[in-house]
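First up is the structure itself, then whatever we jot down about it.
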Amino acid sequence: MMIRMGLVLCLIGFPISGLTHHAVAGSYDTSTLIELEGQVTDILWRNPHVQASMRVVDENGEEAEWEMATTALSNMRRWQIDPSFMAVGDTIRVAGHPAHRVENRLYFTNLLTGDGREVLLGANVERRWTDQTIEMSASRRQSVGFTTAPELGLFRIWSTPDNIPMLLPRDIGRTAAGRANLTEAALSAFDAFEWARDNPLQNCAPKGMPMIMEAPYPFEIRQDGANILWHNEEFDTVRTIHMAPDASAEGQPDSLLGYSIGRWIDDRTLAVTTSNMNWGHFDGQGVPMSTAATLEERFTVSEQGDRLDYTMTFADPEYLVEPMTFSKHWVWYPDAAVGDYDCTPEAED
């Protein structure tokens with residue numbers, strides 16, 4: 001059966017914050033949306049992006065193989081979307097964003113299944129074809145969780161609701177206010193940054209501090225003897241927060257996550273100071289970070305136990321004129337779990 005290719009180009013005001021995870025916005029043209037219809041020839045259910053191939057035949061009978069990507073398998077799990085909506089051999093329609101530099105490559109956000117259901121693969125994705133949708137669980141859109149189990153305090157699994165902005169803005173080096181707070185050395189590094197060459201978020205390279213703190217996946221905070229562990233599903237990242245009164249970063253080696261020292265402000269608020277970070281990136285978009293940078297963090301559990309508020313104050317004497325403070329929150333879903341990430345690198349072009 002010949003499968004026709006539908007190609008629709010349009011400029012849209014798509015919310016970039018919903019696509020920046022793992023450098024999607026840097027690799028794909030998020031201002032352009034196209035539609036394709038074809039037959040699925042291969043699927044790889046994986047992190048950081050599910051991959052699929054689709055055979056497309058145009059009106060002239062010319063056949064092309066499109067390589068497609070969409071959100072992470074871990075995202076589908078936390079959104080409670082069953083991945084059985086697509087299988088090899090299915091005829092599907094997709095809408096998404098074409099790659100900047102590679103032909104026949106697409107990041108898709110909408111998928112119309114063979115039986116007429118539309119899958120919405122993102123927090124801010126709107127339906128295009130039908131009211132019969134498969135999308136994230138309604139509970140995952142809420143900004144609060146469940147008002148039970150306050151006795152658990154900090155030590156539980158926390159999740160990111162999908163209706164809040166990213167922790168770190170993506171335009172620090174592009175706005176007048178942001179550039180005014182960058183030193184000359186930071187401005188020089190930012191202006192020399194080339195995404196294709198310098199992007200630190202590609203091919204399963206692990207994130208360091210501070211950017212790992214905006215990872216959207218569930219994380220668990222638990223006791224480890226006298227210390228506290230922060231275990232995030234993304235890249236199976238584990239931070240150790242040293243709680244001993246005499247803990248000191250002096251003499252400790254630099255690392256991606258740095259050296260963190262914690263103290264209790266009260267029974268609901270944990271303060272953490274982190275230094276010795278050598279990831280080298282502040283926002284992942286070109287603003288650098290020196291090993292002299294420090295973080296002051298606050299984790300505060302709500303009285304009801306359903307929400308964890310977070311603030312981060314980032315100081316870097318080499319690259320920032322003044323410290324910058326950012327905030328976000330997480331919520332408690334009793335059914336959340338920290339799964340295996342098992343990141344699979346993409347093939348080189």
**Prompt:** Between Thr175 and Ser327, how many nm apart are label points set 7 Å from Cα along the C-beta direction?
**Reply:** 1.6 nm
**Item:** Low-density loop cleavage sites - GluC sites (Glu not before Pro) in segment 56-89, where at most 10 other Cβ are within 10 Å (DSSP)
**Value:** Glu59, Glu62
**Message:** Report the gain in length on full extension from Ser255 to Arg127: 0.36 nm times residue separation, minus Cα-Cα distance, nm rounded to one decimal.
**Reply:** 41.8 nm
**Request:** Please pull out the direction-averaged projected area of segment 147-255, using the convex hull of its alpha-carbon atoms, in nm² to one decimal place.
**Result:** 10.7 nm²
**Asked** Taking segment 119-222, which GluC sites (Glu not before Pro) meet the DSSP loop condition and have no more than 15 other C-beta atoms within 10 Å?
**Response** Glu126, Glu194
**Item:** Rounded to whole Hz, the Karplus (6.51, -1.76, 1.60) HN-Hα couplings of segment 73-88, x for glycine and proline
**Value:** 4, 4, 5, 4, 5, 6, 7, 6, 9, 6, x, 6, 5, 9, 9, 4
**Fill in**
Distance in Å, no decimals, from the C-alpha centre of segment 233-307 to the one of segment 161-204 is 20 Å
**Simple spin-label estimate for Asp267 and Phe193 in nanometres, 7 Å along Cα-Cβ** = 4.4 nm
**Item:** Extension gain, Ala64 back to Ser31 (0.36 nm per residue minus Cα-Cα distance, nm)
**Value:** 9.5 nm
**Request:** Pick out which of Pro245, Pro218, Pro169 has the largest mean-square fluctuation in a Gaussian network model of the chain, springs linking Cα atoms closer than 10 Å.
**Result:** Pro245
**Complete:** Once both label points are put 7 Å beyond Cα along the C-beta direction, the Asn203-Ser84 separation in nm becomes 3.7 nm
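For the chain, what is the mean residue ellipticity at 222 nm derived from helices alone (per DSSP H run of n ≥ 4: -39500 (n - 2.57); sum divided by total residues; nearest 500 deg cm²/dmol)? The partial results should precede the final answer.
Numbers: 5 runs with 29 residues, N = 349.
Helix-only estimate at 222 nm: -2000 deg cm²/dmol.
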**Asked** What is the fewest-to-most order of Cys343, Cys204 by other Cβ atoms lying within 10 Å of their Cβ?
**Response** Cys204, Cys343
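Readers should treat all values here as calculations from the given coordinates under stated rules, not as data from a laboratory. Here the structure is a predicted model, which means the values were calculated and not measured. FYI the Cβ positions are ideal-geometry reconstructions off the backbone, even for glycines, and counts take in every protein chain you see.
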